[in-house]
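Here the structure comes first, spelled out in structure tokens, and everything after it is commentary.
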């Protein structure tokens, strides 16, 4: 056991601790819900904690390690959500098992979101800084706009897809069924997301990103973040590694989207707006850029907080905004950094004076 | 004739975008940051006019003036509290903070003014123009937007070319440290830029709300992003760029919502932004930025 511990590098050890922590929380919550201590509204919230934690980890990969701010991450979530929900609804007759449909939907949604991340990444990652951020937002709005006018119907002849105008009339009246109904979105998706599969997916995500970040690829990604020109000059293919990081981040957002789609009773594109993207960004910034554990903890606390403190719910967004500004000023302002290091110095000196 | 009337309403909307784009482009030129909260300053300004006119019964021109003053101070305050401490920090940090400020303003408005849409009062009482024997009617708001846009543009160009303060702005946007060595008050100049941009935001807000007749805490955010698109389109940092970028964007938006789909109009506008950024990142009038190691 001790040997094993020595073999593990520090980030991997940290990951193992985080996973153990998640498992302990999971078991405690299971015991609480079996004994009936946990209120049902809190119990219903548990899957939500998982998918917000997952997408926060995914966005942290993009912002914290790749160093590129994406403020359109909700769009990748929506792609995962719509792909998987459309599949689970369309294949309802072909595959009766909800679990199997959810599993295939999960794979489809994740791959689709990753694919979109890749395709969008090709043009977007050529840009830098503020331009990149605004373009991710633009893509988010475009995807939201298109999903709002997308109509997919199904009848005995197969699948019918239409844009802008509903094709409901052209469907066979007896066997026809709308799967994606424009701005009304998708309804009737089975509630397949549970706390258990949420925790499994969260742990899986954590393992994937931790191993990615600590691999050769991950070090290349961080080198690009720290100094793009220097990284390029030592032979790192900047575009390739940026694309890898961005696509994986998008795919993880897709996982969260799949879980979301199988958690809510009606799925609409308008839910995945700018506010959603900002909410996820708040989790990432509050938990600390570059800390996956922090992202998970921040997502859990900030999702639970308004539920636990009911009176707080109208101030929720306001508190997020203030937290976001305060955290940025405290962590990044040169003045604040100076102040903190001086404070640390003073503590150190005091300790030395009193041995 | 319908094409002509679409074109004119596009120019009118574009004029509003242009005035908003000025705020983005000036701040970006000097502080090298995307002031995400600009759209929300516009929203706050509109609420000031709304409450001044409907609540306190102040005549419209005075209400607009009050709104300009409030927005000017709001802009300066935002810069001092949130952006100034981060001036030498990474651009990622500044951008996230700006998003935070935008979010804060929206939620403050939500808390104080409520989420229900307010009917914006008739502030602009210009009579409508009847052309071609009544075949083409141009609303007073439209005329006002276009005239205001042209006047503001001329005023700003003169201000930058002819006054000492304007020249100081140019110097600071070129090189902050060198400008400081020349005895220019860099902090003051940046504050002045924010003040002018935010003051213009108040005017843009009145025009925007007069056009749509509606006001919610989210009124400013999407037009704000579109105005930034316009600024990028024209070339960030360039005042004529903001003018033409705004007009083009407004025309594209109105024409695509008229001839393609009103629901897809936003998507088309953003697609234009992406294409412009990829093909000509420095915009129509911008200077290409060189990267130094």
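Read-outs: derived from the displayed coordinates by stated rules, not from any lab. Remember, predicted model here, so these are calculated numbers, not experimental data. We place every Cβ from the backbone using ideal geometry, glycine too, and count neighbours over all the protein chains shown.
So here's what we get for this one:
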quantity: For the stretch A:179-231: rounded, prolate or oblate by the Cα gyration tensor [a/c cutoff 1.5]; calculated: oblate
quantity: Point-to-point label distance, residue B:6-residue B:62, nm (Cα→Cβ direction, 7 Å offset); calculated: 4.4 nm
quantity: Zone residues, the stretch B:40-55, relative to residue B:69, backbone N less than 20 Å from point 7 Å out along Cα-to-Cβ; calculated: B:41-55
quantity: Fraction in percent of alpha-carbon pairs per bin - 5 Å, the stretch B:108-171; calculated: 4, 13, 11, 11, 11, 12, 14, 13, 8, 2, 0
quantity: Inter-chain shielding of A:329-341 (mean C-beta neighbours from other protein chains, 10 Å cut-off); calculated: 4
quantity: Length added when fully stretched, residue A:304-residue A:345, from 0.36 nm per residue minus Cα-Cα; calculated: 11.1 nm
quantity: Neighbouring partner chain Cβ atoms per residue of B:223-231, average, 10 Å criterion; calculated: 2
quantity: Span from the the stretch B:159-178 Cα centroid across to the the stretch B:207-285 one, whole angstrom; calculated: 27 Å
quantity: Cα-projected label distance for residue B:150 with residue B:279, points at 7 Å along beta-carbon direction, nm; calculated: 2.9 nm
quantity: Point-to-point label distance, residue A:156-residue A:32, nm (Cα→Cβ direction, 7 Å offset); calculated: 5.3 nm
quantity: FRET efficiency, residue B:263 to residue A:315 (Cβ-Cβ, R0 22 Å, nearest 0.05); calculated: 0.10
quantity: Segments B:228-236, B:241-249 sorted - mean Cβ within 10 Å per residue, highest first; calculated: B:228-236, B:241-249
quantity: The stretch A:1-98: Cα Rg divided by the 2.2 N^0.38 Å rule of thumb; calculated: 1.49
quantity: Peptide-level mean, for B:72-82, of C-beta atoms on other protein chains within 10 Å; calculated: 1
quantity: Protection proxy ranking, peptides B:200-208, A:28-36, A:186-194, A:342-350, average beta carbon neighbours within 10 Å, highest first; calculated: B:200-208, A:186-194, A:28-36, A:342-350
quantity: Computed E for residue B:131/residue A:184 - FRET, C-beta separation, R0 41 angstrom, nearest 0.05; calculated: 0.45
quantity: For the stretch B:193-293: Kirkwood Rh in Å [reciprocal of mean 1/r, alpha carbons]; calculated: 14.6 Å
quantity: Packing-based ranking, highest mean first, of A:17-27, A:68-78, A:286-296 given that Cβ atoms within 10 Å are counted; calculated: A:68-78, A:286-296, A:17-27
quantity: Full-stretch length increase - residue A:270, residue A:337 - with 0.36 nm per residue and alpha-carbon distance subtracted; calculated: 20.2 nm
quantity: Shape of the protein assembly as shown, Cα gyration tensor, a/c cut at 1.5; calculated: oblate
quantity: Acute angle (nearest 10 degrees) that the helix B:265-279 long axis makes with the longest principal axis of chain B, alpha-carbon atoms; calculated: 30 degrees
quantity: MRE, 222 nm, helices only [DSSP H, n ≥ 4, -39500 (n - 2.57), over chain A, to nearest 500]; calculated: -23500 deg cm²/dmol
quantity: For chain B, built as a Gaussian network whose Cα springs stay under 10 Å, the top-fluctuating residue of B:29, B:100, B:250; calculated: B:100
quantity: Extension gain from residue A:353 to residue A:219, taking 0.36 nm per residue of separation minus the Cα-Cα distance; calculated: 44.1 nm
quantity: Kirkwood Rh (inverse of mean 1/r, distinct Cα pairs), the stretch A:316-355, angstrom; calculated: 11.8 Å
quantity: The stretch B:10-221: C-alpha gyration tensor shape, a/c 1.5 cut-off, then a/b vs b/c; calculated: oblate
